[in-house]
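Below you'll find the structure, written out as C-alpha cells, and then a few comments.
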Amino acid sequence: MITKGQAAPLLQMSGITKHFPGAKALDGVTLDIRAGEVHCLLGQNGAGKSTLIKTLAGLHQPDDGKILWMGEPTSIPNPTAALQLGVATMYQELDVVDGLSVAENIFLGHEMATAGVLHRRSAASQTRELLARLGHPEISAQQEVGRLPAAGKQVVSMVRALSHDAKLIVMDEPSAVLDPEEVENLFRVVISLKQQGVAVIYISHRLEEIRRIGDRITVLKDGRTVATGLSVEDTSTAELIELMTGHEVVADFGGAPTGAISETPVLSVEDLAVDGLFEAVSFSVRPGEIIGLAGLVGAGRSEILETIYGARKPTAGAVRMEGRQLRAGSVPDAVRHGIGLAPEERKSQGLLLEEPIYRNITLSTFARFAAGGWLREAAERGAAKKQATSLHLSPPDVDRRIRTLSGGNQQKAMLARWLVHGCQVLLLDEPTRGVDVGARAEIYTLIRELTAQGTAVVMVSSEIEEVLGLADQILVVADGRIVDQRPAAALDEHQVLDLVMEGAPA
C-alpha cells in the first residue's frame, strides 16, 4: 500500500470550483493521486464526484483552482487533451456506439491508421488481447456493440480505457452491471494496473469493494472535500457513511417485510418464454408481496420483467392481471391494467433526459391531464410536485431538466411516475444501481411503504443481500430458468450464490 510521503503525487487538484446556473457543483475540492495506487472517491449522489471527474476528463472547465500533473501546472481544455496527458475515463453512463463493432468502439477517436487507411486487422488483434486480459475472450472484436447486454457494453467501455497508454484511469461505478465472476476479473485488472504503476480513481457505492481494492479514500459532500487521503485499512465503514451523509445511517432495508395482504394473486405468470432468452417461467405475486429474482447478469432476469411489461413479445405462456390475460407484447395493455416498470438502464430506457422532471413523472398518465386535446400543464406540475415533495426529491424544482438530477433522484422520479399512475404491480430492475447509501435507505423505505398499501413488487437485483433483505420470496434464475423458489427467510447469501452457480451452465 502506498502511504503519504512515499512518492510525489501524479495528480494534484486544489481549490477546484465549478458553478452551474443556480448551483455550485464544486466548492474548493482538493485531491491528490499517486502513481500505482487505487484512490477511492466516495460521496452521495450529487456530492460532486461526476463533475470532478468530468473536469479531470476535460469535459468541464473549472472556474477556479489549480491542476498539477507530475508536479507541473496544467490545464485540460478538452477530452483529447486529457488522453494526451495520460488520463482515460470510464463513465458510469455507457459511452459506446451501438452501431459500431467492438473494435471500432475501442479505438474510436484514436484509430489505428496510416495515411488515412485503417489497420482493421491490427485493431481486431489488439482488441482480442485486451478482451482476454479482462477475462472476456468470448466477445468478438467484430461483434456489433448494440447486440451486447449491458454487462458486455461495460466490458467494451473498460477495454477502451485500457487501449490508451494511460497513467491514470478513472473508473466510475465499473462493477454496476457485472456479476460476481466479472467483478473478480475487474479486480484482477485493477491490481495488474497498480503493479504497472498506473493510478486508478475508483468510484463505487459498494463499500465492500472499497475494502477489497482501495488504498486511500477521498470523500466529497455537497461539492466540498470533507476528508482526503484516508487509509482504507484505518477507516471504518461507519466513519465513511457518516462522512458521506453527515449522520449515522443504519444499514437496514426499510423495516420488516409486511408480507402479502391478500391470498389472491394480483399478477400470475404462466409458463412464460422468449426463445433464446428464458423458458417456462411461472410464478405469482400477491398484493403487498415482494418477489425477488436473484441470478447472474445475463441469466434472463431483466428479460422476464420486460416481457411481463409487454416490451418483449413472448413465444409461449401468458401474463394475467387479476385473472385476465394481457395482450402479449403490449406495453399499453400492461400499463392500463396496472403494471409499471422501472428499468435497469433508466437513462436510456426510462427517462426523457432533456424534458423537465414533471413531464417524466406524468409520462404514463397523460390522459389524466388532458382536456379538449390539450395538456393541462399546471395540473401536471401539481401532481408531480406533490410526489417530488413526498419523496424528498432534490432539488425539488420540477421544471428542471431531469438530466441534471443525481442517479438516486432520477430513480425517485421513476418511482414517482408509477405513484402518480397508481399501479398495482411494480417491476423494479436494479432499483439501487448507482445510488448512494443515503438514497438507498430512502428507496427501501419507499418500497416498504408501497407494499404496505397493497402494491405488489417484482424486483431484480445483482446484490444478493438486497434481494434477501427486501423480498418475501426468492426466485433463483440461471440460464433462463427458475432453478429454485423459497421464502427469503429460508436462505442466506452463500446458499443463493451456490444455487446461482450450480444452476448456471458450465
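Results, tabulated for the structure shown:
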item	result
Unique match (being acidic (Asp, Glu), touching a Phe, Trp or Tyr at 6+ places or on another chain (Cβ under 9 Å) and not in a strand (DSSP E or B)) among Glu263, Glu303	Glu303
Any pair with Cβ under 8 angstrom, 6 or more apart, that starts in the range 446-459 at a residue that is within 16 Å of Gln411 (Cβ to Cβ) and ends at one that is of a type in the set (Asp, Glu) and at pLDDT 90 or above	Val457/Glu289; Met459/Asp429
Residues satisfying the stated conditions in the range 354-381, i.e. part of a loop (DSSP other than H, G, I, E, B) and surrounded by 15 or more Cβ atoms within 10 Å (Cβ to Cβ)	Thr362, Leu363, Ser364, Thr365
Total residues in the range 52-63, condition of a type outside the set (Lys, Arg) and surrounded by fewer than 22 Cβ atoms within 10 Å (Cβ to Cβ)	7
Qualifying residue in the range 36-44 (condition: assigned by TED's automatic domain parsing to the domain that holds Thr228, over 24 Å from the mean Cα position of the chain (by Cα) and touching a residue at least 24 places away in the same chain (Cβ under 8 Å))	yes
Yes/no for Ser157 being crowded, with 20+ Cβ neighbours inside 10 Å, outside the structural domain of Ser302 (by TED's automatic domain parsing) and either modelled with pLDDT of 80 or more or among the aliphatic types (A, V, I, L, M) (or both)	yes
The range 316-372: number of residues that are closer than 17 Å to Asp429 by Cα, of a type in the set (A, V, I, L, M) and touching a residue at least 24 places away in the same chain (Cβ under 8 Å)	6
Arg206 being within 20 Å of Thr245 (Cβ to Cβ), surrounded by fewer than 21 Cβ atoms within 10 Å (Cβ to Cβ) and modelled with pLDDT under 85	yes
Residue match in the range 307-314 (condition: assigned to a loop (DSSP other than H, G, I, E, B), at pLDDT 90 or above, within 22 Å of Asp179 (Cβ to Cβ) and among the basic types (Lys, Arg))	yes
Residue identified as touching a residue at least 12 places away in the same chain (Cβ under 8 Å), more than 21 Å from the chain's Cα centre (by Cα) and over 17 Å from Leu267 (Cβ atoms) among Val467, Val500	Val500
Residue among Ile33, Ile53 that alone is part of a strand (DSSP E or B) and either outside the structural domain of Asp222 (by TED's automatic domain parsing) or not hydroxyl-bearing (Ser, Thr, Tyr) (or both)	Ile33
Some residue of the range 64-77 being closer than 28 Å to Pro395 by Cβ, surrounded by fewer than 14 Cβ atoms within 10 Å (Cβ to Cβ), among the charged types (D, E, K, R) and without any contact (Cβ under 8 Å) to a residue 60 or more places away in the chain	yes
Hits in the range 382-427 - residues which are assigned to a helix (DSSP H, G or I), under 30 Å from Thr307 (Cβ atoms) and aliphatic (A, V, I, L, M)	Ala383, Ala384, Ile402, Ala413, Met414, Leu415, Ala416, Leu419, Val420
Residue match in the range 173-189 (condition: under 30 Å from Ile443 (Cβ atoms), surrounded by 20 or more Cβ atoms within 10 Å (Cβ to Cβ), modelled with pLDDT of 85 or more and of a type in the set (A, V, I, L, M, F, W, C))	no
Check on Ser302, surrounded by 14 or more Cβ atoms within 10 Å (Cβ to Cβ), under 30 Å from Asp492 (Cβ atoms) and among the polar types (S, T, N, Q)	yes
Asn105, sole failed condition from (1) free of Cβ contacts under 8 Å to residues at least 60 places away in the same chain; (2) over 27 Å from Lys194 (Cβ atoms); (3) polar (S, T, N, Q)	(2)
Hey, Gln349 touching a Pro at 6+ places or on another chain (Cβ under 7 Å), within 24 Å of Thr51 (Cα to Cα) and part of a helix (DSSP H, G or I) or not	yes
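Conditions tested, residue by residue: (1) at pLDDT below 90; (2) charged (D, E, K, R); (3) touching a helix residue (DSSP H, G or I) at 6+ places or on another chain (Cβ under 7 Å).
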{"residue": "Asp397", "(1), (2), (3)": "yes, yes, no"}
{"residue": "Arg403", "(1), (2), (3)": "yes, yes, no"}
{"residue": "Gln424", "(1), (2), (3)": "no, no, no"}
{"residue": "Ala439", "(1), (2), (3)": "yes, no, yes"}
{"residue": "Leu446", "(1), (2), (3)": "yes, no, yes"}
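Quick grid of which residues meet (1) assigned by TED's automatic domain parsing to the domain that holds Glu466; (2) modelled with pLDDT under 95:
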{"position": "Asp234", "(1), (2)": "no, yes"}
{"position": "Ala238", "(1), (2)": "no, yes"}
{"position": "Ile241", "(1), (2)": "no, yes"}
{"position": "Phe253", "(1), (2)": "no, yes"}
{"position": "Glu263", "(1), (2)": "yes, yes"}
{"position": "Leu267", "(1), (2)": "yes, no"}
{"position": "Ser284", "(1), (2)": "yes, no"}
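So that you can scan it fast, the table gives a plain yes or no per residue for (1) farther than 18 Å from Leu41 by Cβ; (2) free of Cβ contacts under 8 Å to residues at least 24 places away in the same chain; (3) among the aliphatic types (A, V, I, L, M):
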site	(1), (2), (3)
Ser175	no, no, no
Glu182	yes, no, no
Val190	no, no, yes
Arg216	no, no, no
Val219	no, no, yes
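The values are calculated or read from the model by the stated rules, or taken from the named source; none is laboratory data. Just so it is clear, the structure is predicted and the values come from calculations on it, not from any experiment. Heads up, the Cβs are rebuilt from the backbone with ideal geometry, glycines too, and the neighbour counts pull from every protein chain shown.
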